[in-house]
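Novice: Submitted below is the structure of interest, expressed as structure tokens.
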Amino acid sequence: MVSMGKGILPPRALPRALLLTAVVVLLLSSVCCSGKLGALAAISGLISDSETGVPVNDAAVSVCGKTVRSNPEGQFKLAEVSPGKQAFEIKAAAYQLLNCQVLVKPGQNDLAFNLSPLPDPIITGMVTDLYTTMPLREATVALTGNGELRSTCSTDEQGRFSFGLLQAESYQLAVSHDLYEDSIMDLQVVPGENAVEVQMTRKGLSGQVAFSSVKQGKRDIVMRSLMSGDLCPVTTDGTGNFRPSLSPDGSKILWAHEQDDLKQIHLSNIGGLDSTVVSAGPSDDYPAWAPDGSMFACQSVRAGANRIIIMDLSGTELADLGAGRFPAWSPDGGKIAFISSGKIVVADWQSGGAVTIGDRANVYYPAWSPDGKMVAYSAREGDASYILYIYDIENNASKALMSGKIHLRCSFAPNGQWIAFHTILPELSSAAQIYAVNILESDGSVLCLSGENGEHRDPSWSR
């Protein structure tokens with residue numbers, strides 16, 4: 001006989017209340033999702049098209065954690081479903097999703113569901129000018145699918161267009177206009193309305209424009225892609241970055257950087273994170289690339305006077321062209337235009353020989369046209385007006401192009417058709433902005449390229 005030690009209790013049966021609780025838990029766990037006990041239900045159902053009454057094949061019917069699919073006659077069956085109010089979800093291709101609650105009774109339930117077809121795909125759109133946001137009428141819109149032209153139309157007075165009788169598939173939309181660059185976009189069309197907006201760029205507005213931007217007291221360099229309108233920061237430190245100059249191939253950028261009374265020229269690759277200091281200072285400004293991208297000119301203070309200095313990209317001085325400001329390199333690479341004593345001087349940077357050109361005095365900011373036949377410049381007229389002129393070198397004649405409230409520093413587009421400039425146009429903005437004007441058109445209308453709050457100056461245009 002085994003004796004029990006002190007403090008050890010003999011085994012005994014579990015309490016009756018604990019056994020009843022275990023039974024209840026087991027019963028509850030067998031209930032599906034209604035939480036109610038009782039006889040289970042069976043469901044026979046039919047899925048139909050709400051518009052035609054045609055049975056819907058392969059519709060997925062889900063309820064209480066179970067999913068079945070309808071047969072070609074639209075029929076489905078579900079067994080062992082808990083009675084009560086149950087949530088049904090029914091999905092089928094080309095039909096709108098159906099979610100509903102149905103009171104399921106114990107025993108057999110015969111149910112019917114109607115699915116609404118998805119609406120036919122349509123494309124609705126509007127065509128606008130990227131920089132003015134004005135609607136473009138009489139633009140031609142072509143819709144292509146699987147390599148075949150499906151339809152064409154023209155925009156109305158509000159720039160609107162539409163296409164119907166489509167399938168839910170991939171299409172390509174091509175928009176053309178006599179005054180604008182073609183625009184092409186790929187579309188994945190879905191049932192219902194597919195709304196698109198097409199923003200178009202005027203012909204000749206290609207490449208990119210860099211400019212200085214002042215916001216909340218910080219001055220940085222930004223660059224705008226003229227085809228997409230996207231803005232990309234070049235600098236982000238906000239510590240005195242201004243007067244950018246894009247390399248002819250658009251891959252590099254020079255700019256003036258001023259901090260702690262030291263002004264130097266910085267160089268960076270487009271998209272790069274770091275910059276290189278390429279001039280010693282103490283006051284170097286207005287960098288201008290040579291056409292071959294191997295060197296640059298700048299305005300540099302020497303012995304208290306502004307001089308035109310040529311440097312390579314390591315900062316080695318190659319030439320000193322004498323007193324002057326605002327250098328601009330000729331397209332052929334042999335000459336540099338700058339301002340000296342209020343006149344435009346053109347100097348051979350290697351020989352140093354120089355001539356004065358132009359028919360006006362007290363001018364600023366020369367800029368060569370891409371063909372080398374014209375020089376643009378800014379001149380003050382009276383007390384409050386500044387004029388942007390285009391000087392024809394062969395004919396020795398200047399033509400007024402635009403006027404503004406401050407000097408209009410400018411840069412030609414690579415194709416010579418457009419010219420970008422900064423100024424204040426009171427009817428458009430109280431701060432300096434970057435504008436562009438088509439020099440081949442006579443209406444004088446301008447496009448705002450900066451398009452942002454703040455003050456923007458010193459455009460540099462490159463491909």
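Novice: Would you calculate a helix-derived [θ] at 222 nm for the chain, using -39,500 (n - 2.57) for each DSSP H run of n ≥ 4 and dividing by the full residue count, to the nearest 500?
Specialist: Rounded to the nearest 500, the figure is -1000 deg cm²/dmol.
Novice: Here's something else I'd like to know. For segment 233-336, calculate the relative contact order in percent as a whole number, restricting contacts to Cα pairs under 8 Å that are 6 or more residues apart. Please list the in-between numbers first.
Specialist: On the way: 241 pairs, mean separation 18.7, N = 104.
Once normalised by length, the contact order is 18 percent.
Novice: If you build the convex hull over the alpha carbons only and average its shadow over all orientations, what do you get for segment 179-222? Give it in nm² to one decimal.
Specialist: Mean shadow area of the hull around the Cα atoms is 5.9 nm².
Novice: State, to one decimal in nm, how far the label point of Ala323 lies from the label point of Asn453, with both points 7 Å from Cα in the Cβ direction.
Specialist: About 4.5 nm separates the two model spin labels.
Novice: Of Lys252/Lys405; Lys252/Lys335; Lys203/Lys399; Lys335/Lys399; Lys203/Lys405, which sit over 26 Å apart, Cα to Cα?
Specialist: Over 26 Å apart, Cα to Cα: Lys252/Lys405; Lys203/Lys405.
Novice: Please work out how much length the chain gains when fully extended from Ala93 to Cys153, using 0.36 nm per residue of separation minus the C-alpha to C-alpha distance, in nm with one decimal.
Specialist: Value of the extension gain: 18.5 nm.
Novice: So, one more: Over what distance in Å are the Cα centres of segment 138-182 and segment 226-261 separated?
Specialist: 38 Å
Novice: For Glu169 and Asn395, FRET efficiency with R0 = 45 Å and r from the beta-carbon atoms, rounded to 0.05?
Specialist: Calculated transfer efficiency: 0.15.
Novice: Arrange the following residues from fewest to most other Cβ atoms within 10 Å of their Cβ: Ser213, Ser445, Ser151. Show your work: numbers first, answer last.
Specialist: Numbers: Ser213 26, Ser445 9, Ser151 15.
Exposure proxy ranking, most exposed first: Ser445, Ser151, Ser213.
Novice: Between Asp332 and Leu118, what is the FRET efficiency for a Förster distance of 41 Å, r being their Cβ-Cβ separation, to the nearest 0.05?
Specialist: It comes to 0.05.
Novice: Going toward the positive end of the dipole of the chain, with +1 on Lys and Arg Cβ and -1 on Asp and Glu Cβ, which of Pro287, Met200, Gly45 do you reach last?
Specialist: Gly45
Novice: Right, next: Can you give the local net charge around Phe161? Use residues other than it whose beta-carbon is closer than 14 angstrom to its beta-carbon, Lys and Arg +1, Asp and Glu -1.
Specialist: Here the charged neighbours net out to -2.
Novice: Follow-up question, since we're still on this one. Mean separation of Cα pairs under 8 Å and 6+ residues apart, divided by the residue count of the chain: what relative contact order is that in percent?
Specialist: Working: 1194 pairs, mean separation 37.6, N = 463.
For the chain, the relative contact order is 8 percent.
Novice: Magnitude of the Cβ-charge dipole of segment 122-199, K/R +1 and D/E -1, about the Cα centre, nearest 20 debye?
Specialist: 180 debye
Novice: Right, next: Sort Asp458, Asp156 by Cβ crowding within 10 Å, fewest neighbours at the top.
Specialist: Lowest count first: Asp156, Asp458.
Novice: Further question: Note the angle between two axes, namely the Cα long axis of helix 16-29 and the longest principal axis of the Cα atoms of the chain, as a number of degrees from 0 to 90, rounded to the nearest 10.
Specialist: 60 degrees
Novice: From the residues Val345, Gly358, Gly271, which one has its Cα farthest along the dipole of the chain in the positive direction, the dipole being from +1 and -1 charges on Cβ of Lys/Arg and Asp/Glu about the Cα centre?
Specialist: Positive-end residue among those listed: Gly271.
Novice: Here is a further query. Positive end of the charge dipole of segment 39-115 (Lys, Arg +1 and Asp, Glu -1 on Cβ, about the Cα centre): tell me which of Asn71, Phe113, Phe88 has its Cα farthest that way.
Specialist: Projecting each Cα onto the dipole axis, the largest value belongs to Phe88.
Novice: For Cα pairs less than 8 Å apart in space and 6+ apart in sequence, what is the mean separation divided by the residue count of segment 284-366, i.e. the relative contact order in percent?
Specialist: Values: 195 pairs, mean separation 17.2, N = 83.
Relative CO of segment 284-366 lands at 21 percent.
Novice: Working from the pairwise distances between different alpha carbons, so that the mean of 1/r is found and then inverted, what is segment 39-115's Kirkwood radius in Å?
Specialist: Details: mean 1/r = 0.0811 Å⁻¹.
Value: 12.3 Å, from the Cα pair sum.
Novice: For the residues Thr152, Thr423, what sequence is obtained by ranking on other C-beta atoms within 10 Å, fewest first? Mind showing how you got there, number by number?
Specialist: Values: Thr152 13, Thr423 24.
Least to most surrounded, the residues fall as Thr152, Thr423.
Novice: Once the other residues with Cβ under 11 Å from the Cβ of Glu258 are scored (Lys, Arg +1; Asp, Glu -1), what is the net sum?
Specialist: Its environment carries a net charge of -1.
Novice: A further question follows. Run the reach check for Lys105 against lysines, Cα to Cα strictly under 18 Å, same-chain hits fewer than 8 apart removed. What comes back?
Specialist: Lys36, Lys66, Lys77, Lys85
Novice: Here is a follow-up. Calculate the length of the line joining the C-alpha centroid of segment 288-318 to that of segment 326-370, in whole Å.
Specialist: Cα centres, segment 288-318 to segment 326-370: 14 Å.
Novice: For the residue pair Ser445 and Gln108, what label-to-label distance in nm results when each label sits 7 Å from Cα along the Cα-to-beta-carbon direction?
Specialist: So the label points at Ser445 and Gln108 sit 7.6 nm apart.
Novice: Let me make sure I get this right: for segment 108-199, a, b and c are the square roots of the gyration tensor eigenvalues over alpha carbons, sorted descending. Under 1.5 in a/c it's rounded, otherwise prolate if a/b > b/c, else oblate. Which is it?
Specialist: Prolate is the answer for segment 108-199, as a/c is 1.5 or above and a/b outweighs b/c.
Novice: Work out, step by step, the length gained on full extension between Asp348 and Asn415: first 0.36 nm times the residue separation, then minus their alpha carbon distance; give nm to one decimal.
Specialist: That works out to 21.7 nm of additional length.
Novice: How charged is the neighbourhood of Tyr95? Take every other residue with its Cβ under 15 Å from the Cβ of Tyr95, and add Lys/Arg as +1 and Asp/Glu as -1. Can you show the working numbers first?
Specialist: Values: positive: Arg69, Lys91; negative: Asp49, Glu51, Asp58, Glu89, Asp120.
Charge balance near Tyr95 sits at -3.
Novice: I'm spelling it out carefully: the read-out is P(r) over Cα pairs in 20 Å bins from 0, in percent, the candidates are (i) 18, 36, 26, 14, 5, 0; (ii) 21, 55, 22, 1; (iii) 19, 32, 18, 16, 11, 3, 0, and one was derived from this structure. Which label?
Specialist: Here P(r) over Cα pairs in 20 Å bins from 0, in percent agrees with entry (iii).
Novice: Related question: With +1 on each Lys and Arg Cβ and -1 on each Asp and Glu Cβ, how big is the dipole of the chain about its Cα centre, in debye rounded to the nearest 20?
Specialist: Around 2200 debye, computed over the chain.
Here, each number is a calculation from the coordinates, and none is a lab measurement. All figures in this text were calculated on a predicted structure; none of them were measured in a lab. Glycine also receives a Cβ, built like all others from the backbone with ideal geometry; neighbour counts cover every protein chain displayed.
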